[in-house]
Structures are given as C-alpha cells and as structure tokens.
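Okay, structure first, notes after.
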Amino acid sequence: MEDIQIKTILEGLLFICGDEGLTLQTASTIMEIDQKECEKYFDELQAYYLQDERGIEIERFNDTYKFLSKAKIHPYAQKLFANNKASTLSQSALETLAIIAYKQPITRVEIEELRGVGADMMLRKLLARNLIKEVGRSDAAGRPILYEVTDEFLDNFKLLSLDELPELPSYGKDDENEELFD
C-alpha cells in the first residue's frame, strides 16, 4: 500500500473512532504495519492538521490519537451550542443526562461506570449546552467534580421538577425466585 493510502485510511479510522480515539496498537494491527511505521504516519497527519487553514487537529494522549477542534474554533462552537439547544441530542448525550438526572449529584467516574464508556467529552458538551452544571466536589479520593442537571434541562424536557421523571423499573427481589430454566 502507498503512503497516501495508509494516511487516508488512518484518517478515516480516526474519524470513525470519534471521542474514544484510536490507539497506536489498534491502528498498527488493523493496518498490518509496524507500530513505529504507524507512528510515523500519525506524525505526518498531525503535521498536516497543524496548518492554519485547518479547523481540527490530531492530538496524542499516551498512545491514543484523537481529532480535536482547534482553540480558535471554541468561541464559535459555544455559539453553535447556544443556538442549537433545541436540536436533538445524541443517544449517548441522552444516556448521560438520564444518569445524571436520576443519580445526581454524581461524578464523572460514576457515570463512566454506569455507561461503560468514557464520559469526559460528553460532559463538556452538556456543560457547554448548559444542560448540566458542576455543583461541588465529592469527598472521595481526588475530590472529583459532582454534576447535576440544570433548570435549562428541565425547560428543554418540559419538566417542572425531577419528580416528574418516569420511575425506573425495579429489578432483583421479584426476579430472584423465578427459575432460569424450566
């Protein structure tokens, strides 16, 4: 495969991976190339996206690569989110909001344990849309930030209070006596 084809495929895979990013090991395994060679292609892609005419860049966090918007885009992104508050929310945004609404106050780690995926980027998006807010710090090790939903969340979902949320189904006690096999 030619260099340009490899970079094109890596770029596409990186885009598909979204907020989770793409690890060097996974990329080299998928592309069937050595990790050092794969790292060289990622370095070239990073240099390409550092050009001023690009609105995104590729960042490396340990051995994971991610697309990020450049800092000069952030004020416009805030305006976009402010103007599109009524726009539809993604499934992952709705899941994260539901967890926060039912379990608040809650930390990022607790949200991630319930969802099974990272929530850092989603929390930033929900904060930018003013659907959640930081309400202090937990007493747990590291004193993580606690999150709750905002009044704007209630307005967007046409709720007077969180008491109007549907009741969650209960599992356990009634199911314990049922036999799994007949």
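Throughout, read-outs are computed from the coordinates displayed, never taken from laboratory work. Here the structure is a predicted model, which means the values were calculated and not measured. No Cβ is skipped: glycine too gets one built from the backbone with ideal geometry, and neighbour counts run over all protein chains shown.
Assign one of three labels to the range 3-69, namely rounded, prolate or oblate, based on the Cα gyration tensor with a ≥ b ≥ c the square roots of its eigenvalues; rounded applies when a/c is under 1.5, prolate when it is not and a/b is larger than b/c, and oblate otherwise.
Because a/c hits 1.5 or more and a/b exceeds b/c, the range 3-69 counts as prolate.
Magnitude of the Cβ-charge dipole of the chain, K/R +1 and D/E -1, about the Cα centre, nearest 20 debye?
1160 debye
With axes computed from alpha carbons, what is the tilt in degrees of helix 91-103 against the longest principal axis of the chain, rounded to the nearest 10 within 0 to 90?
So the helix axis and the longest Cα principal axis differ by about 40 degrees.
Can you tell me the length gained on complete extension of the stretch Asp52 to Val117, counting 0.36 nm per residue apart and subtracting the Cα distance?
Residue separation times 0.36 nm, minus the Cα-Cα distance, leaves 20.1 nm.
Report the far tail of the P(r) of the chain, meaning the percent of Cα-Cα pairs longer than 29 Å. Working shown, then result.
On the way: 6826 of 16471 pairs.
Every Cα pair in the chain considered, those over 29 Å come to 41 percent.
Can you give the FRET efficiency to the nearest 0.05 for Gln91 and Leu160, using r as the Cβ-Cβ distance and R₀ = 30 Å?
For Gln91 and Leu160, the calculated efficiency is 0.70.
How large is ³J(HN,Hα), in whole Hz, for each residue of the range 125-132 in order, when computed from phi with the Karplus curve 6.51 cos²θ - 1.76 cosθ + 1.60 and θ = phi - 60°, using x for Gly and Pro?
Values, residue by residue: 5, 5, 5, 4, 8, 6, 8, 10 Hz.
Taking amide H atoms as placed 1.01 Å from N in the peptide plane, list the residues 5 or more away in sequence, or in a different chain, whose amide H sits under 5 Å from that of Leu146.
Answer set, sorted by chain and number: Val135, Gly136, Arg137, Ser138.
Just to confirm the number: angle between the C-alpha axis of helix 3-17 and the first principal axis of the chain, 0 to 90 degrees, nearest 10?
10 degrees
For the Cα atoms of the chain, what angle does the longest principal axis make with the long axis of helix 35-49, in degrees from 0 to 90, nearest 10?
Helix 35-49 sits at roughly 80 degrees to that axis.
Excluding residues on the same chain fewer than 8 positions from Lys133, give the lysines whose Cα lies under 29 Å from its Cα.
Within the straight-line cut-off, Lys133 pairs with Lys66, Lys70, Lys72, Lys79, Lys85, Lys103, Lys125, Lys158.
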